[in-house]
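Below is one structure; the comments refer to it alone.
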Amino acid sequence: MSDQAYSRDWETKLTEALTTLPGPVHLVGVGNSMRTDDAVGLKIVSELRSRLGAAPGPRLRIHPAPVMPERLLSRLASGPGGIVVFDAVEAAKSPGDIIFCALADTKYGFFATHNIPLRLIPGLASRENDVFMVGVQPQSLEVGEELTDQVRASARLVVDAVARTVEGFS
């Protein structure tokens with residue numbers, strides 16, 4: 001994992017988003033559990049739900065891994081609050097690097113390892129200032145069920161950062 005994952009710039013931006021977005025803030029993980037590091041978003045929300053529960057306070061909702069994330073994201077975009085999506089992202093960085101950005105700041109609204117640009121999901125384009133991505137650069141997208149060591153360590157950093165922020169809500 002490079003120094004970028006430890007620079008914590010992403011953590012500052014994530015904390016700011018979690019504390020300033022209009023509530024409730026919906027946390028959603030997406031990915032493919034059968035493609036090694038592509039499952040990092042699913043792992044993050046699974047760990048968050050285990051550690052904090054599904055609704056750790058009035059401002060935050062941690063959604064279980066959806067079978068059809070596009071449907072969940074479209075439904076969430078039609079309601080109040082902000083959305084933070086956790087996923088593996090191809091950003092030409094070092095494996096395990098953590099990336100944070102607003103959907104509004106992405107050139108095409110799409111740099112995740114999936115085929116559907118986020119801006120094409122109904123409702124997200126009109127809410128792009130309230131939709132954020134926390135991505136981890138994958139090392140491997142090969143068939144497999146375990147995260148690589150670098151990506152697993154980055155997922156742990158993200159989970160810990162969200163947990164610290166939530167504890168600050170109390």
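Things to note:
- Positions within segment 134-156 being surrounded by fewer than 17 Cβ atoms within 10 Å (Cβ to Cβ), part of a helix (DSSP H, G or I) and either among the aliphatic types (A, V, I, L, M) or touching a Pro at 6+ places or on another chain (Cβ under 7 Å) (or both), in sequence order: ALA153
- Exclusive hit being at pLDDT 90 or above, surrounded by 14 or more Cβ atoms within 10 Å (Cβ to Cβ) and in a helix (DSSP H, G or I), set VAL166, VAL159: VAL159
- Tallying residues that are aliphatic (A, V, I, L, M) and at pLDDT below 90 within segment 6-22 yields 1.
Yes or no, residue by residue, for (1) part of a loop (DSSP other than H, G, I, E, B); (2) over 12 Å from ALA155 (Cβ atoms); (3) in contact with a Pro (Cβ under 8 Å, 6 or more places away or on another chain); (4) among the charged types (D, E, K, R):
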{"site": "PRO22", "(1), (2), (3), (4)": "yes, yes, yes, no"}
{"site": "HIS26", "(1), (2), (3), (4)": "no, yes, no, no"}
{"site": "GLY31", "(1), (2), (3), (4)": "yes, no, no, no"}
{"site": "ASP37", "(1), (2), (3), (4)": "no, no, yes, yes"}
{"site": "GLY41", "(1), (2), (3), (4)": "no, no, no, no"}
{"site": "LEU48", "(1), (2), (3), (4)": "no, no, no, no"}
{"site": "ALA54", "(1), (2), (3), (4)": "yes, yes, yes, no"}
{"site": "GLY57", "(1), (2), (3), (4)": "yes, yes, no, no"}
{"site": "ARG61", "(1), (2), (3), (4)": "no, yes, yes, yes"}
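- Hits in segment 74-96 (condition: over 21 Å from PRO58 (Cβ atoms), at pLDDT below 90, not polar (S, T, N, Q) and not in a loop (DSSP other than H, G, I, E, B)): VAL89
The values are calculated or read from the model by the stated rules, or taken from the named source; none is laboratory data. Predicted model only: the values in this text are computed from it and were never measured. Note that each Cβ is placed from the backbone with ideal geometry, even for glycine, and that neighbours are counted across all protein chains shown.
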